Amino acid sequence: EKDPIGFGFTTNYGEIAQRLTFVPSDGRVDGAGGGDDFTVSQGFVTYKAPVGKGLDFKFGKFATWIGAELWESVDNPNFSRSLLYQNAIPFTNTGLSMSYPLLDQLTTTFYLVNGWDTFVDNNNSKTLGYQFNWKISDNTGFIVNGSHGAEQDEDVIRDAESNWRHFWDIILAFKPLPKTSVNINFDYGTEEGGAMYSTAIADSISTGGPVDSKGNCEWWGISTILGYDFTDSVGVALRGEYFEDNDGGRIGVSELGIWEATFTTNIKIRQNLLVRPEIRYDQADQSIFGGSDNELTTAIDVAYMF
């Protein structure tokens, strides 16, 4: 109450700065797809207006409100990102949000943003978003997210502003036992004229102007994360998920379905030192992993938090 004005600022260095979007060729690059080793991934100001219980405003570029995973990897049960995080949702949004606690257990937030992963809007239409965050109990939370707007580049697709993308994201998180956590995330999206969008970009480049869309598209996915803490210092997380993008709207490959399973061990060596060995297996309907339809990945992450 004494300091109602705040700000947030996040930068990324190295190769991760080039990977804010999964498919940089589809026009969703957020200023980091040109080979830059530095990007400002978040930069916003906040203001808590003295209205009722407090009306929170946020303006600028910020991590998306959509999805079950948080911005920093150390805040998630698994080290690697899920298929849904990488493919189904945006990474960042730029614009304005307004949040207000309607009830003690229910907080609502509304968004007016430029679009998905676009710092400068790629058309003249804005995107409307919302979030309903319901804390059912101390051990159970339920979130409904939505996003609706025209996201296509007007320099790529004719009538881009009339092709709307509708997206819904549902999250259920609960603890059935004191040391056990469950997170279930379901995503579903549709887009007019969004099929094989990366191919449309290539056609637009070759013709030197906007082209007709290649049809409507839809995508969906579901993810479940089971976590268990053996002690305060050692815990495990098992993630299983499936993502389907038959129309190539998100990945640019038609008739594509992918599932994956990930097992992560979280070990706190000290209070601020986290070591995370992980093994992951991905299986796709097509050969998208360097000429193969499957991929086995092992990794170890060391994070120091200060």
> What are the residue pairs meeting all of these: first residue in the stretch 177-202, first residue touching a residue at least 12 places away in the same chain (Cβ under 8 Å), second residue open to solvent by 20 Å² or more (accessible area, probe 1.4 Å) and acidic (Asp, Glu), Cβ atoms under 6 Å, and 6 or more apart or on different chains?
Replying inline: 179/229; 190/218; 195/247
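Step by step: first the residues of the stretch 2-40, then only those that are in a strand (DSSP E or B) and at pLDDT below 85, then the one that is surrounded by the fewest Cβ atoms within 10 Å (Cβ to Cβ). Which residue is that? It would help to see each step written out before you state the result.
To start, the set of residues in the stretch 2-40 that are in a strand (DSSP E or B) comprises 5-13, 38-40.
So of that shortlist, the ones also at pLDDT below 85 come out as 12-13, 38-40.
Details: 12: 18, 13: 9, 38: 11, 39: 21, 40: 17.
Within the stretch 2-40, the match that is surrounded by the fewest Cβ atoms within 10 Å (Cβ to Cβ) is 13.
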>> Can you go through 229, 245, 293, 285 and tell me which one is touching a helix residue (DSSP H, G or I) at 6+ places or on another chain (Cβ under 8 Å) and either acidic (Asp, Glu) or free of Cβ contacts under 8 Å to residues at least 60 places away in the same chain (or both)?
In response: 245
> What pairs come up if the first residue lies in the stretch 206-225 and is closer than 13 Å to residue 88 by Cα, the second is assigned to a strand (DSSP E or B) and of a type in the set (Val, Ile, Thr), and their beta carbons are under 9 Å apart, counting only those six or more places apart or on different chains?
Replying inline: 217/190; 218/190; 219/190; 221/258; 222/184; 223/184
>> Given the condition in contact with a helix residue (DSSP H, G or I) (Cβ under 6 Å, 6 or more places away or on another chain), part of a strand (DSSP E or B), under 24 Å from residue 253 (Cα atoms) and not charged (D, E, K, R), answer yes or no: does some residue in the stretch 77-92 qualify?
In response: no
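Going by what's in this entry, would residue 95 be described as part of a strand (DSSP E or B), farther than 19 Å from residue 42 by Cα and either among the β-branched types (Val, Ile, Thr) or under 20 Å from the mean Cα position of the chain (by Cα) (or both)?
No.
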>> For the stretch 218-274: of the residues being basic (Lys, Arg) and open to solvent by less than 60 Å² (accessible area, probe 1.4 Å), which is farthest from the chain's Cα centre (by Cα)?
In response: 239
> Which members of the stretch 59-92 meet the condition of being surrounded by fewer than 21 Cβ atoms within 10 Å (Cβ to Cβ), more than 10 Å from the chain's Cα centre (by Cα) and within 16 Å of residue 6 (Cβ to Cβ)?
Replying inline: 59, 60
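The values are calculated or read from the model by the stated rules, or taken from the named source; none is laboratory data. Everything numeric here is computed off the predicted structure, so don't read it as measured data. In this analysis, Cβ positions are derived from the backbone assuming ideal geometry, glycine residues included, and neighbour counts consider all displayed protein chains. What goes into the accessible areas is simple: the full protein's heavy atoms, side chains included, and nothing from ligands, DNA or RNA. Shrake-Rupley method; radii C 1.70, N 1.55, O 1.52, S 1.80 Å.
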